[in-house]
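Okay, so here's the structure we're looking at.
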Amino acid sequence: KCCQRQHFFIDLYMEMWYNLSIYNYNGGMFYGKTKTIDAAAEGRELEFISLNPEIVTVDENGNIKAVKPGMAIITISYDGKGKYRSSNKTVTVNVSRAPSSIIINDTLELQVGVAQSIKPYTDPSKIKLNYATNDSETISIDENGFAQALRHGSAIITINFAGNEYYLPSNATVK
């Protein structure tokens, strides 16, 4: 028995992982907008999870929707199977208030004593506007945008949106 050979088998277990890549990602977006996280892990199925769904939601394809302004974290991962190791990455999403706009003809001609409604186009469409004039002796303007010439002359009407939790302020003028 002195020279018998003994055979030993050694099982090698090697964990491997796929490279989880995120392409051309910019973490900023405006309220109400959508964009897609372009990510891949060499053919592996990815899972996207928003850690702050009150700020952003994300679907199974990486489509993000900005629910309200704030900062959110999204985790992108895949499960390990067989000899492959699971992996994950996180991205930060900063949701800002969206721009607003007020568009109106820049001139208005009124006859003394005649009222006319000023109807600007706004984005977003349903926002509370404030109206003011620089010369209340020449023109009056009420909270609903009805302007009336009180005498001959010229005046400037300013239309203002103060902004809110979701949209930035904006203004326009009518001469």
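The values are calculated or read from the model by the stated rules, or taken from the named source; none is laboratory data. Every value quoted in this text rests on a predicted model; they were computed, and no experiment measured them. All Cβ positions, glycine included, derive from the backbone under ideal geometry; neighbour counts span all protein chains shown. Ligands, DNA and RNA are excluded from the accessible area calculation, which covers all protein heavy atoms including side chains. Shrake-Rupley method; radii C 1.70, N 1.55, O 1.52, S 1.80 Å.
Being crowded, with 17+ Cβ neighbours inside 10 Å and either touching a Pro at 6+ places or on another chain (Cβ under 9 Å) or small (Gly, Ala, Ser) (or both), is that true of even one residue in the stretch 67-74? Looking for residues that are crowded, with 17+ Cβ neighbours inside 10 Å and either touching a Pro at 6+ places or on another chain (Cβ under 9 Å) or small (Gly, Ala, Ser) (or both), one finds at least one in the stretch 67-74, hence yes. Looking only at the stretch 80-138, residues that are part of a loop (DSSP other than H, G, I, E, B), polar (S, T, N, Q), open to solvent by 70 Å² or more (accessible area, probe 1.4 Å) and under 27 Å from Phe30 (Cβ atoms) come to 1 in all.
Can you pull out every residue in the stretch 160-174 that is in a strand (DSSP E or B) and surrounded by fewer than 19 Cβ atoms within 10 Å (Cβ to Cβ)?
If the condition is that a residue be in a strand (DSSP E or B) and surrounded by fewer than 19 Cβ atoms within 10 Å (Cβ to Cβ), then Asn160, Asn171, Thr173 are the ones that fit.
Checking each residue in the stretch 143-164 for being without any contact (Cβ under 8 Å) to a residue 24 or more places away in the chain and among the small types (Gly, Ala, Ser) picks out Gly153, Ser154, Ala155. Within the stretch 1-45, if we keep just the residues that are over 30 Å from Leu168 (Cβ atoms), open to solvent by less than 60 Å² (accessible area, probe 1.4 Å) and not basic (Lys, Arg), the residue that is modelled with the lowest pLDDT turns out to be Tyr18.
Within the stretch 47-56, the set of residues being open to solvent by 60 Å² or more (accessible area, probe 1.4 Å) and either assigned to a loop (DSSP other than H, G, I, E, B) or of a type outside the set (A, V, I, L, M) (or both) comprises Glu47, Leu51, Pro53, Glu54.
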